[in-house]
Amino acid sequence: MSVTGPDTARFDTAARHRQVLSGNALGIAAVLSWSVGFPAAELLLTSWPPLALITGRFVISVCVLMVLWLSVDGPSAVINARWGRGTLVGSVTFGLGAYLLLLAQYFTDPVTVAIIASTTPIAATLVEMVTGNRRLSGMFAFGLGASVIGGIVATGSADVGNLGLGALSAITSGFLFSIGSHCCVRDLPSLSPIGRSAVTLAGGLLFAGGALIISHTLGMEVLPNQPVDASQIGLLLIYALAGMAFSQVMWIACVGRLGVALASFHMNVAPFYVMLIMLALGAGWNWGTALGAGIVIIGVILAQTPPPRRRV
């Protein structure tokens, strides 16, 4: 026989508050770590073709996460994981999604891609609604709108280039990333965030590596056009470890606590974090980016504000 009362209710409420607080902290940390990779990627793209860079990023991330996974959870967790399901999810969503995002940038420009990518919370919300994990309340809708508007403001521009196939690629990438994050948590419940990240990113590596091999076989120039020196290796480690491996583990843990819709709100603060990183490297302060980040934060708070209780 179970007993419920005020103490149990208070305990459940406190537990939910801790889960929400830790989820938001993980979201902030994940996006901040992810943002560190952008300056490194910008430097690497001068000599690394996108497909080679993505593949190298996946290789380092998967190798490091596998070592961490074995160390933390032991060999049995690795052996008994749902590798088929996990690699399929990672290949179709994270692998293809990363490629489509670069394709979008090829057809448009970085600012256009950033503006379109700021609508990812809409895609993530639709994924949760379709799967029955989200009912759209008024406060959540206000928060969603604030997050998208803040993300657009944070990019520092409202001008977009030619859309067409580039816009379609960027929107599809957002949907794939949202679906992959949701399925990663839902379909691999017995794994830790490290295990979930390792398995699904291994699927992304299969997609990127396969595409690289096929492209190279067809005679396309997909390998770095300069000798890979220590400086490039250092930048690649930053791009892979901070920008993918560690950020993905924290991201998946955040999705497990908040759901992919709320977690995706934090992604729109990324331009502000990148600005802070560039500020430390000598760049200037951008008030528009800071304003956009503030709007996103307001959206995060609004979306998690419970509706007022009705008086009986």
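The values are calculated or read from the model by the stated rules, or taken from the named source; none is laboratory data. Remember, predicted model here, so these are calculated numbers, not experimental data. No Cβ is skipped: glycine too gets one built from the backbone with ideal geometry, and neighbour counts run over all protein chains shown.
In segment 54-112, the residue that is farthest from residue 200 (Cα to Cα) out of those that are among the aromatic types (Phe, Trp, Tyr) and surrounded by fewer than 22 Cβ atoms within 10 Å (Cβ to Cβ) is 107. Which residues, counting only those in segment 180-228, are assigned to a helix (DSSP H, G or I) and acidic (Asp, Glu)? If the condition is that a residue be assigned to a helix (DSSP H, G or I) and acidic (Asp, Glu), then 187 is the only one that fits. The set of residues in segment 39-53 that are surrounded by fewer than 18 Cβ atoms within 10 Å (Cβ to Cβ) and either touching an Asp or Glu at 6+ places or on another chain (Cβ under 7 Å) or part of a loop (DSSP other than H, G, I, E, B) (or both) comprises 45, 46, 47. Of all residues in segment 243-261, those satisfying the criterion of being part of a helix (DSSP H, G or I) and more than 12 Å from the chain's Cα centre (by Cα) are 256, 257, 258.
Which residue out of 213, 233, 252, 277 is out of contact with any Gly (no Cβ under 9 Å at 6 or more places or on another chain), in contact (Cβ under 8 Å) with a residue 60 or more places away in the chain and more than 22 Å from residue 150 (Cα to Cα)? Don't jump to the end; show me each part of the working.
Details: 213 fails: in contact (Cβ under 8 Å) with a residue 60 or more places away in the chain; 233 fails: in contact (Cβ under 8 Å) with a residue 60 or more places away in the chain; 277 fails: more than 22 Å from residue 150 (Cα to Cα).
The unique qualifying residue is 252.
Quick check, is residue 125 assigned to a helix (DSSP H, G or I), under 27 Å from residue 294 (Cβ atoms) and of a type in the set (Val, Ile, Thr)? Yes. When residue 94 is tested against (1) farther than 23 Å from residue 190 by Cα; (2) under 15 Å from the mean Cα position of the chain (by Cα), exactly one condition is not met: (1).
Please work out if residue 270 is under 27 Å from residue 156 (Cβ atoms), in a helix (DSSP H, G or I) and within 12 Å of the chain's Cα centre (by Cα). Reasoning before the result, please.
Working: under 27 Å from residue 156 (Cβ atoms): yes; in a helix (DSSP H, G or I): yes; within 12 Å of the chain's Cα centre (by Cα): yes.
Answer is yes for this residue.
Could you check, for segment 252-267, whether at least one of its residues is out of contact with any His (no Cβ under 7 Å at 6 or more places or on another chain), within 29 Å of residue 20 (Cα to Cα), of a type in the set (D, E, K, R) and surrounded by fewer than 23 Cβ atoms within 10 Å (Cβ to Cβ)? Scanning segment 252-267 turns up at least one residue that is out of contact with any His (no Cβ under 7 Å at 6 or more places or on another chain), within 29 Å of residue 20 (Cα to Cα), of a type in the set (D, E, K, R) and surrounded by fewer than 23 Cβ atoms within 10 Å (Cβ to Cβ).
Restricted to segment 185-231, and to residues that are buried (at least 20 other Cβ atoms within 10 Å of the Cβ) and of a type in the set (S, T, N, Q), which residue is farthest from residue 249 (Cα to Cα)? Looking at residues that are buried (at least 20 other Cβ atoms within 10 Å of the Cβ) and of a type in the set (S, T, N, Q), I get 200.
Condition test on residue 237, is it modelled with pLDDT under 90 and more than 10 Å from the chain's Cα centre (by Cα)?
On the way: modelled with pLDDT under 90: no; more than 10 Å from the chain's Cα centre (by Cα): yes.
So residue 237 does not fit the description; no.
Do we have residue 143 as crowded, with 23+ Cβ neighbours inside 10 Å and at pLDDT 85 or above here? Yes; evaluated as a whole, the condition is true for this residue.
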